[in-house]
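What follows is calculated from the coordinates using simple rules that are stated; it is not laboratory data. This is a predicted model, so every value here is computed, not measured. Virtual Cβ from ideal backbone geometry, glycine too; neighbours counted across all protein chains shown.
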2 protein chains.
Amino acid sequence: MLNDVPDKIKNIERIFYPQSIAVLGANNVKGTVPGDILTNILKAQFKGIVYPVNPRERHISSIKTYKYVIDIEDPVDLAVIVYPSSVMHMALEQCGQKGIKGAVIISAGFKEVGGQGIEREEQIKEIAHKFGISFIGPNCLGVINTDPAVMLDASFARKMPEEGNIGFISQSGALCTAVLDYARAKHIGFSKFVSIGNKADVSEVDLLYYLKDDPKTKVILLYLEEISDGLDLVKAAKTVIEKTGKPVLAIKSGRTHAGASAAASHTGSLAGSDETCDAAFKQAGIIRCDDIEEMFNKAIAFTYQPLPKGKRVAIITNAGGPGVLTTDASIRCGLELPKLKPETTEILKKSLPKTANINNPVDVIGDARADRYNVAVSSVLKDDNIDGVFIILTPQSMTEIESIAHEISRISSLFTKPIYTSFMGEADVAPGIDILQRNKIPHYILPESMPEAFAATYKFGKRLEEKPEPVEPFKDVDIEKANSILNEAIAHGKKYLPEEEAAKILEAYNFPLLKSGLATSPDEAVKISEELGYPLVMKIMSDDIVHKFDLGGVILDIKTKVEAFDAYNRIIDNVKKLKPDARIKGIYVRKMIPPGEEVILGLKRDPSFGPVIMFGLGGIFVEIYKDVSFRIAPLDNISVNKLITETKASEILSGARGRIPRDIKSLKECILRLSQLAVDCPQIKELDINPLIILEDGKGSFVADTKIML
Amino acid sequence: MLNDVPDKIKNIERIFYPQSIAVLGANNVKGTVPGDILTNILKAQFKGIVYPVNPRERHISSIKTYKYVIDIEDPVDLAVIVYPSSVMHMALEQCGQKGIKGAVIISAGFKEVGGQGIEREEQIKEIAHKFGISFIGPNCLGVINTDPAVMLDASFARKMPEEGNIGFISQSGALCTAVLDYARAKHIGFSKFVSIGNKADVSEVDLLYYLKDDPKTKVILLYLEEISDGLDLVKAAKTVIEKTGKPVLAIKSGRTHAGASAAASHTGSLAGSDETCDAAFKQAGIIRCDDIEEMFNKAIAFTYQPLPKGKRVAIITNAGGPGVLTTDASIRCGLELPKLKPETTEILKKSLPKTANINNPVDVIGDARADRYNVAVSSVLKDDNIDGVFIILTPQSMTEIESIAHEISRISSLFTKPIYTSFMGEADVAPGIDILQRNKIPHYILPESMPEAFAATYKFGKRLEEKPEPVEPFKDVDIEKANSILNEAIAHGKKYLPEEEAAKILEAYNFPLLKSGLATSPDEAVKISEELGYPLVMKIMSDDIVHKFDLGGVILDIKTKVEAFDAYNRIIDNVKKLKPDARIKGIYVRKMIPPGEEVILGLKRDPSFGPVIMFGLGGIFVEIYKDVSFRIAPLDNISVNKLITETKASEILSGARGRIPRDIKSLKECILRLSQLAVDCPQIKELDINPLIILEDGKGSFVADTKIML
């Protein structure tokens, strides 16, 4: 495997699978990081050799200790460094000299403290680069690999987690300790557990690529505080998901700080960094979670159980109330509770008491013992109408909590349909929950979490079936023209393009603009009118006139060439009478905008994710309801559809509620042209097409107004 | 106390505070309800005398057993009955003869099984009524009173809960067992714990009135599956909250089944039973919760800590990530994270390491021991800028989990500001959490739950300060006229009122209708026009003409009396020319509707809560976003404001985003008139005023169209 992969991935493999480790800076003071780190490696029973390194110690934890790493006579795969940041550069330099390619730098005192710390971090990056070292950290909790072939705990965590199939990558070390404690209590195991700290070298993106091919990892969890390169992250996650089917779940903190700053465009004010992150995650297929509980609720569904084949679920409960609450939650999550087949209800009728409910949700009644759960669970799992089962238990005095947990575990192994459980309560149900957790049956404190997790797995499965394809770029665009307009404006120090120039950019990208012309005589006005077709608007063009309407400088709804001729003269007369000194450039002739639905298309450049495309219905929809959606350009064939359908208002376009169906094909084309423009012309910082008027189905659309910020 | 309260409340007092109990139907078979119920009473060490009653036993649990309850020689306060439903009537009859006034009927087999069960339930209700007995149940888990003066566990729960200040009322017995188990593990105590089962006699409403005056109960929790009398519930809860300041929290299951059926009016389709319940709860001040965890998260905040004086919170954490997530959640919940005072940051600067964050959120850094938490918590609690503190802990290897928990508990007792905690993880943090829970410091698994609970207590406090006042009814309404129109229509079997009739109803209630008149000559048209004022619309009135516009039967924007005269003649000419055989009633003259914002007002009668008033902005707002709000009539002075401001679109009315400020005073008047009509005329089943046009501020509003269903 190690031959045809990039060096960084090879080095990461050395970090996770070392045959020998040097611990630089270890000491004998227990309860401190330098004291605990070696102890943890030993406690985990690492399947290789450990070399403590410390010029001031002869032995640490009874192991012979080397003054310097270069003194070690054997080859070393991994350096774990806990020296203070002030001497880190020397330690790393020696690692390089020793030929070590993988390192974990635990110590803090780098970028996160500012000032000199920033310099120190740059310094170690340089050294690492010089020697081709890849390192995790600095300022991190460390790295864990539960693979029995290695048993690596190069961290100062309290305890090593159980073995499992979850790969966990966290930017917060302190959160790691909470996660490990939380997971251990629930018997949730990990394959790899990485605290990436300042991610000065190895980032979450590198680790995604590494875990993609890690056979021990089936699900990847990310906790991120800032995303340095959003596009890389999206690409990596998309690759993992689409190539391997491994789900990627992520918490990204900082949700409410979005869009706070004032912005020049609608898109600018609406496309905050958090909305952009949301869009990018969706596009990549990353499942965004709000908190640790939600993340693990979903993660155990993914790791412990097969993906559901459909969204039809059955509920089995010994308590009516929670059954109703779970039914509610299932429907809210878009799941279905179908009728059971007659064969199934027949069995239930025979085996359950009269007072039981033999329909979905199945109520085995409060005094149910293991036998009733047994028959209900088995027969419902056999039912072809059902894709998954939610089991609820409340602890009545006769409830056989542990037997029921054992039975569920046994039955689960006989079927390939997902089974989730919720034993409600806490103290008395604890032994039952423990049995379920040890047997890898997803268990949830709240029964309502079951449909939420199930829906996540179902949607993920559906998404895997989608095959997003890049969209063929339009050939009828004039990239040079657009670039030259933009570059010239930038050369002149402009912060935004005047309306005419903005229109020229859209013209170069063949957006549907309302045709127009400038007439300087009545005859010319007629000529242009005949070319454009009616109805028309005429408008005085003069830099000296602001309120064109008030001066009689605008005439609407011109329908014939006679009217066009008259209108020209009338406008000139009006203006000459009311503002005789105005310098007149001519009269602007433009087709009237046919009635249609107004939408807004926008573009904003995000520092991390690049060009963001926004869509929404105009006016009130954007202003009051913020009913807009976002995707990162370039859009693929699926993103363009989702961009539209994600907004509530989009049903207006498709003709819902007695409205006229609009030309959605034309809308899509505009969106894709904007996506192409966004990629081709990075000079555009923000852009609003507001409104874009969508005509009746088959009749196209028109750009009515454009704003471009540079 | 027992002298000036109604009999039912006196009887409930006997149920909770009996000096003697008869257990009818008890036996010696352990593991069954009749076997366990007496055992539970004995195990709880009831501070009175228990008399087992069973004709087939001489002694149960070593206690002399009576054949019949009437055989007991001493007075009996409470009968707990576990006989089968088939003989329940006889048992209860004997209780009546014995003079027992309070009973708990545990047995199932009544209304919930249908058929004969319904009759049996009616039968016991009659007997109870005859003897003036109040009873809880049937089909319930029983009743618990933790008061050390009684120690009553008349239930078949597994274990008695700890003593505390929460009164819990549940319609689901099975859920009770889960709640007891959940609460015991968290050291959450209860004052009274009641499973109301079929609530054939004593209902949640009676218990609310009882708990209102129960000195042991500070917070009341309800779990309801169906609400028989919503209005009574609202009234009871409102009384409890406003008179005593005790918060009432409720789960009501069945959220998604709402509004499913097709309805004739907008209001009918939007005001589902769940939306109505939501509105009623808000109006009463009941805090609606989605699940048990949310309910107890909030309940412990209310019981353990004082109500916050404001919404300014500080976060103290040893982990940056969770600090950010909690900051996000705080802002989402409407809380503020103000700057700390210079005195506070000065102390923090002196006592915390350099790398610590001494601003809000305060980061004491991963390696913090108890001393750092100590100084941070104390100094921040002293800060006048801060109304409450959230403390987060993640378990690093050096974290002194238990000491920190002890310190927090100690410090909390010195301050009257709320302190909430979240020790993240599960296994290692468990001993710390246990210390917090025993010391009544609210603890939350997820740090994000802290702001949610805090915001609930803050809002509740704010609501207590509101003094909702009933609104003085309008005197200028003609209730007799409205009723006679409605009664006549009903007498004629009509299902809805024709437009003119509906308008007459609104006229009787003095809604702002567009004035109009019927003219049968040009002179009369002029006369009416002069009375109404201009501009006007004229419209042909004829049952034979459907498309009035097409025949030239409508003329808009009539501005003078000359125009009015001409318009009359023109319409008659047009119609006579194009449809000579049409029978003409005359010409309808109406004021033009001035431009304004369209809103919709509605009324629907809910079977449980009575008349529901709906408000929303018209058109798209209602159709796509369902941006409407509800309140139960009659509305008080505060409800009418909230009805409006609760919708997002209401900011349009107040002139946001450059819009014209509308006459909200007039809108409020219309809403209050509708509220009065709703109460006065129960014949109206549904009503839509759609649209009501709200003019510029100070210019009033107009009803443009009305629909009334009977």
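A few points about this structure:
- Each Lys and Arg adds +1 at its Cβ and each Asp and Glu adds -1 at its Cβ; summed about the Cα centre, segment A:157-233 shows a dipole of about 500 debye.
- Helix A:561-578 axis, angle to chain A major axis (alpha carbon atoms, nearest 10°): 90 degrees
- Residues A:Leu42 and A:Gln123, FRET efficiency given R0 of 41 Å [Cβ-Cβ distance, rounded to 0.05]: 0.85
- Ranking of A:Thr39, A:Thr146, B:Thr394 by neighbouring Cβ atoms within 10 Å, starting from the fewest: A:Thr39, A:Thr146, B:Thr394.
- Virtual spin-label span in nm between A:Asp566 and B:Ile638, 7 Å along Cα→Cβ: 6.5 nm
- Cβ-Cβ FRET estimate between A:Lys243 and A:Ser413, R0 fixed at 25 Å, reported to 0.05: 0.30
- Looking at segment B:21-120, the GluC sites (Glu not before Pro) that sit in a DSSP loop and have at most 12 other Cβ atoms within 10 Å of their own Cβ are B:Glu73.
- Separation in nanometres of the label points that stand 7 Å from Cα toward Cβ, at A:Glu651 and B:Ile490: 3.5 nm
- Here's how it looks for A:Asp606: its modeled amide H is under 5 Å from those of A:Val612, which are all 5 or more places away or on a different chain.
- The alpha carbons of the protein assembly as shown give a radius of gyration and a Dmax of 37.3, 120 Å, in that order.
- By the compact-protein rule of thumb, 2.2 N^0.38 Å, the alpha-carbon radius of gyration of segment A:515-591 corresponds to a ratio of 0.98.
- Each copy carries B:Glu531; placing its label point 7 Å along the C-beta direction from Cα gives inter-copy distances of 6.2 nm, listed from smallest up.
- Cβ crowding within 10 Å ranks A:Ile644, A:Ile72, B:Ile188, A:Ile166 as A:Ile72, A:Ile644, B:Ile188, A:Ile166, fewest other Cβ atoms first.
- For chain B: relative contact order, % (alpha-carbon pairs under 8 angstrom, 6 or more apart): 9 percent
- In sequence order, segment A:311-320 has phi-based couplings of 10, 9, 10, 10, 10, 10, 9, 10, 9, x Hz under the Karplus curve 6.51 cos²θ - 1.76 cosθ + 1.60, θ = phi - 60°, and Gly or Pro positions carry x.
- Overall form of chain A per C-alpha gyration tensor (a/c, 1.5; a/b vs b/c): oblate
- Short-range pairs are left out: with C-alpha atoms under 8 Å and at least six residues apart, the relative contact order of segment B:597-709 is 30 percent.
- Across the identical copies, how the A:Asp290 labels are spaced - nm, sorted shortest first, 7 Å along Cα→Cβ: 0.6
- Between helix A:33-43 and chain A: long-axis angle, C-alpha atoms, 0 to 90°, nearest 10: 60 degrees
- Think of the axis that spins chain A onto B; the A residue whose C-beta lies nearest it, and the distance in whole Å, is A:Tyr625, 3.
- Applying the Karplus relation 6.51 cos²θ - 1.76 cosθ + 1.60 with θ = phi - 60° to segment A:281-287 yields 3J(HN,Hα) values of 4, 4, 4, 6, x, 6, 8 Hz, where x marks Gly and Pro.
- Each Cα pair under 8 Å and six or more residues apart adds its separation to the average, and for segment B:34-163 the resulting relative contact order is 26 percent.
- Toward the positive end of the charge dipole of chain B, with +1 on the Cβ of Lys and Arg and -1 on the Cβ of Asp and Glu, the farthest Cα among B:Leu141, B:His443, B:Gly31 is that of B:His443.
- Among B:Ser666, A:Ser639, a tally of other beta-carbon atoms within 10 Å of each Cβ gives an order, fewest to most, of B:Ser666, A:Ser639.
- Relative to the current alpha-carbon distance between A:Lys130 and A:Met592, full extension at 0.36 nm per residue lengthens the span by 159.8 nm.
- 18 Å reach of a label modelled at B:Ser378, 7 Å along Cα-to-Cβ, counting backbone N of segment B:311-326: B:316-317
- With all pairs of separate Cα atoms included, segment B:429-498 yields a Kirkwood hydrodynamic radius of 18.3 Å.
- For the pair segment B:608-626 / segment A:383-406, the C-alpha centres are spaced 41 Å from each other.
- Rg/Rh, computed from the Cα trace of segment B:177-224 with Rh as the Kirkwood radius, has the value 0.98.
- If the chain linking A:Glu466 and A:Asp371 were pulled fully straight, counting 0.36 nm for each residue of separation and taking away their Cα-Cα distance, it would gain 30.0 nm.
- Between the helical axis of B:116-131 and the longest alpha-carbon principal axis of chain B there is an angle of about 80 degrees.
- Starting from the label point of A:Glu598 at 7 Å along Cα→Cβ, the same points in the other copies fall at 1.7 nm, in ascending order.
- In sequence order, calculated HN-Hα J values of segment B:697-710 (Karplus, 6.51, -1.76, 1.60; Hz; x Gly/Pro): 3, x, 9, x, 8, 9, 6, 9, 7, 9, 10, 10, 9, 9
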